[in-house]
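Undergrad: Attaching a single structure in structure tokens format; questions to follow.
Bear in mind these aren't lab numbers, they're just calculated from the coordinates by the rules spelled out. Not measured: the values here are computed from a predicted model. Don't worry about glycine lacking a Cβ; one is built from the backbone with ideal geometry, like all the others, and counts go over all protein chains shown.
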Amino acid sequence: MKRLALLLACAPILEPAVHAAQPPQTVAELWADFDPRKEPLEVELVREWKEGGGVYRYVRYRIGTFKGQPARMAAFYGFPEGTKAPVPAVLHMHGGGQRAFMEEVKAYVSRGFAALSVNWGGREMEDSKPGDPNTDWGLVDPTQKNVPGYFNLRPGEKFLVDHESPKNCNWYLLTLGCSRGLTFLEQQPEVDPKRIGIFGHSMGGNLTMYVAGTDARVKAAAPSVGGQGWRTEPHTMLEGKGQMENIAGDVGLFNRTLGFESYAPLIHCPVLHLSGTNDFHGWMDDVYRTNALIKGQPLRYAFAPHLNHRFIPEVEVTRPLWLEHFLKGGPALPETPGSEWTLKTADGTPVLRVTPAQSTMPVHHVDLYYSADPDPRARFWQDAGAKREGAAWVAKLPVLDPGAPLFAFANVYYTLPKPEIIPHAKPVTEVCISSLLHSATPAELAAAGVRSADKATLLIEDFSRGWQDWYRLNPENPNVWQYWTRKVTAAKWRGPAGAKLQVSLTVPQSNTLNIVAEENTWRSYRGKKNTYVCRIPVNGSLASQKLVILAADFKDAEGKSLANWKQVDELGFCGKFEFRDAPKSAEAAVWTGAPPKLERLEWRLSTNPEGVASQAPAGAAK
């Protein structure tokens, strides 16, 4: 299918039609009257400076005219100093609540790109000075000051047209404004207009999919944690509700004109999708489902295990490498690993086999994961313990309950030819490429003769494999480190009724340890999300110590105790923990010295096991 924006360009964007007998019914109809090149940009140069081998500009360009008033976009633009031949360019679209990122511009300029980061949300620009002009949408408002507009088709004061239409949705105007950013880039003398890529995170990931599906100038795209379809579709786990359940207007019309599943088939450029396996916004299962609609283009996936809305460095580095390959001719990322699973086996235990693609990058290691949790946001991914068999890595997937669904995927880590530099991380030496996602319903498992081959255990973690089943935040910060696991949400490791939590650890000096239990993380269909903390003293003079903790020792912000373990989805150990909106007087002590060394985590059923010294918790927030 031919691309839309440039081939259908026939009318100026000076003023979209405000009256119509019928609103646009398809993506093609929605964008038929939009030409991103038609209207002059009227670029304003607010400021220019040089820094670290790059030339940088604070600019504004004209987006269009809406309701008779012009709208303008502020942005940061940069390119390598001394550029003679035209260079490739990238457009960055920030996420919700954020603003244009100078850091992103500088990072890509350092890699030889020209880069533009648009300030679609209108927040104050970084290092702005009094009187500096900013994004101004005029009489419409697609920013987060008008949140209902992201779910809206109906007319209103801040919306574009006077009848129900997808043009009244914020996403329409934001996509239009970002496409005008591509026009800015292609008009810069240092830019090669045939080599432009786009990327964005969260809401910027949404915009990446919208722009890639409507603008033929995009030659490579890399959305992250956003841009997956079927968000209005009822989900069993949400009691029949959709991820977006409050569309103001015709839901079917919204899906046909603004659903990502309607844009994916129109994307005709390579797409790399980055995410965390547990992302709340870009649900893993639906990311794969959406991108399967992109035909005839290179596709890759990179999922950071256990994380929500962020990455590990080995995943994050895929984005610049992807853009460098397609825009600069850099080395190619390895192909998506081949993967297949066998549900019908002699012993009733499914088997997953993953074969990394041939690549100039050698395989460093392979992780095979599986889970029985239908909710991608709260799901714990169990490491299956892959073993190498020739060119493949193979693992059995013993299930606890064949009456639950089964999901599996793999991450293959390759050694990079040279360390890569990304912001806020040590040089990255490996790159992670994810396999496709496999899933089976309970009916499919029953038909294949899958049998229970696993059992519940009291041992949560012995750390023999380090942090494989955990995610860590700020792990090298001596004060605010956090270690989290979702193992306790899985039936295999869920705390039995009446069990105590026993923690074995060593600490370099005496401190107060914060152990946090999160109930119903993303599971509003099961109950209210609650956070409980147990603040417990730990003794630095002991070679090793054991803490025995009751559920009732965990307190919420009001001092209410955790009743039991059955709805705990996450367990965390934190150097510092504060309840949101806690008063200043309730600030918790900050950990000092090196973080603890966790040695063993388990459930204890006896009242007071012999040889275990129980320490009294410090209680709830002070």
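Undergrad: Find the centroid of the Cα atoms in segment 499-539 and in segment 431-472, then give the distance between the two in whole Å.
TA: Comparing the Cα centres of segment 499-539 and segment 431-472, I get a distance of 24 Å.
Undergrad: How much of the DSSP bridge set in the chain is antiparallel, in percent, rounded to the nearest 5?
TA: Numbers: 95 of 122 bridges.
In the chain, approximately 80 percent of DSSP beta bridges are antiparallel ones.
Undergrad: Counting C-alpha atoms alone, how compact is segment 400-513: give Rg to one decimal and Dmax as a whole number, in angstrom.
TA: Answer for segment 400-513, Rg first and Dmax second: 19.3, 56 Å.
Undergrad: What pairs in Lys328/Lys426; Lys455/Lys597; Lys529/Lys560; Lys295/Lys344; Lys241/Lys492 have C-alpha atoms more than 19 Å from each other?
TA: Values: Lys328/Lys426 24 Å; Lys455/Lys597 28 Å; Lys529/Lys560 14 Å; Lys295/Lys344 31 Å; Lys241/Lys492 28 Å.
Pairs exceeding the cut-off: Lys328/Lys426; Lys455/Lys597; Lys295/Lys344; Lys241/Lys492.
Undergrad: Quick one: what are the phi-derived ³J(HN,Hα) couplings along segment 464-480, Karplus 6.51/-1.76/1.60 with θ = phi - 60°, whole Hz, x for glycine and proline?
TA: Each residue's phi maps through the Karplus curve to give 5, 10, x, 9, 4, 9, 10, 10, 10, 10, 6, x, 9, 7, x, 10, 10 Hz.
Undergrad: Which is farthest toward the positive dipole end of segment 343-464 among Ala443, Ala372, Ile433, measuring Cα position about the Cα centre, with Cβ charges +1 (Lys, Arg) and -1 (Asp, Glu)?
TA: So the residue we want is Ile433.
Undergrad: Treat every Asp and Glu Cβ in the chain as -1 and every Lys and Arg Cβ as +1, leave all other atoms uncharged, and give the resulting dipole magnitude about the Cα centre to the nearest 20 debye. Each step should come with its number before you reach the end.
TA: Numbers: 69 positive and 66 negative charges, 102 e Å.
That gives a dipole near 480 debye.
Undergrad: On to the next question. Please report, to two decimal places, log10 I(q)/I(0) for segment 234-351 at q = 0.15, 0.20, 0.21, 0.22 Å⁻¹ as given by the Debye formula with identical point scatterers on the Cα atoms and no solvent.
TA: For the requested q values the scattering log ratios are -0.90, -1.24, -1.28, -1.31.
Undergrad: Counting other Cβ atoms within 10 Å of each Cβ, which trypsin sites (Lys or Arg not before Pro) in segment 231-289 have at most 10 and sit in a DSSP loop?
TA: Details: sites: Arg231, Lys241, Arg256, Arg289; in loops: Arg231.
When the trypsin sites (Lys or Arg not before Pro) of segment 231-289 are filtered for loop state and at most 10 Cβ neighbours within 10 Å, nothing remains.
Undergrad: Tell me, what is the FRET efficiency for Ser541 and Glu190 to the nearest 0.05, using R0 = 51 angstrom and their Cβ-Cβ distance as r? Mind showing how you got there, number by number?
TA: On the way: r = 63 Å, r/R0 = 1.24.
Efficiency, from the Cβ-Cβ distance: 0.20.
Undergrad: How long are the semi-axes of the equivalent ellipsoid of segment 338-447, taking √(5λ) for every eigenvalue λ of the Cα gyration tensor, in whole Å from largest down? The partial results should precede the final answer.
TA: Numbers: eigenvalues 176, 56, 18 Å².
Its equivalent ellipsoid spans semi-axes of 30, 17, 10 Å.
Undergrad: Taking the Cβ of Ala552 as the center, what net charge do the other residues with Cβ under 13 Å away carry, scoring Lys and Arg +1 and Asp and Glu -1? The partial results should precede the final answer.
TA: Numbers: positive: Lys500, Lys555, Lys560; negative: Asp553, Asp556.
Here the count lands on +1.
Undergrad: If you don't mind, another one. First measure r as the distance between the Cβ atoms of His163 and Lys38, then evaluate 1/(1 + (r/R0)^6) with R0 = 22 Å and state the FRET efficiency to the nearest 0.05.
TA: About 0.40, to the nearest 0.05.
Undergrad: Which whole-angstrom value gives the distance between the alpha carbon centres of segment 186-214 and segment 122-147?
TA: First find each Cα centre; the distance between them is then 21 Å.
Undergrad: Another one. Once the convex hull of the C-alpha atoms of segment 459-604 is built, how many Å³ does it hold per residue, rounded to a whole number? Can you show the working numbers first?
TA: Numbers: hull volume 16.7 nm³, N = 146.
Dividing the Cα hull volume of segment 459-604 by its residues yields 114 Å³.
Undergrad: Work out the charge dipole of the chain with +1 on the Cβ of Lys and Arg and -1 on the Cβ of Asp and Glu about the Cα centre, then indicate which of Leu605, Met93, Gly329 is farthest towards its positive end.
TA: Sorting the options by dipole projection puts first Leu605.
Undergrad: Which values of log₁₀ I(q)/I(0), to two decimal places, follow from the Debye formula for segment 376-422 at q = 0.27 Å⁻¹ with a uniform point scatterer at every Cα?
TA: -1.14
Undergrad: For the charge dipole of the chain, defined by +1 on Lys and Arg C-beta atoms and -1 on Asp and Glu C-beta atoms about the Cα centroid, which residue among Val507, Val140, Gln482 has the Cα displaced farthest towards the positive pole?
TA: Sorting the options by dipole projection puts first Val507.
Undergrad: If you don't mind, another one. Normalised by the empirical 2.2 N^0.38 Å for globular proteins, what value does the Cα Rg of segment 164-247 take? Each step should come with its number before you reach the end.
TA: Values: Rg = 15.6 Å, N = 84, 2.2 N^0.38 = 11.8 Å.
Working it through for segment 164-247, the quotient is 1.31.
Undergrad: Only Lys, Arg, Asp and Glu count, each charged at its Cβ (+1, +1, -1, -1), so figure out the dipole size of segment 338-447 about its Cα centre, rounded to 20 debye. Could the numbers behind the result be given before it?
TA: Working: 9 positive and 11 negative charges, 52 e Å.
For segment 338-447, the charge dipole is close to 240 debye.
Undergrad: Kirkwood Rh over alpha-carbon pairs of the chain, then Stokes-Einstein at 4 °C and 1.567 mPa s: what D in µm² s⁻¹, rounded to an integer? Write out the running numbers ahead of the final one.
TA: Details: Rh = 26.4 Å.
Here the translational diffusion coefficient equals 49 µm²/s.
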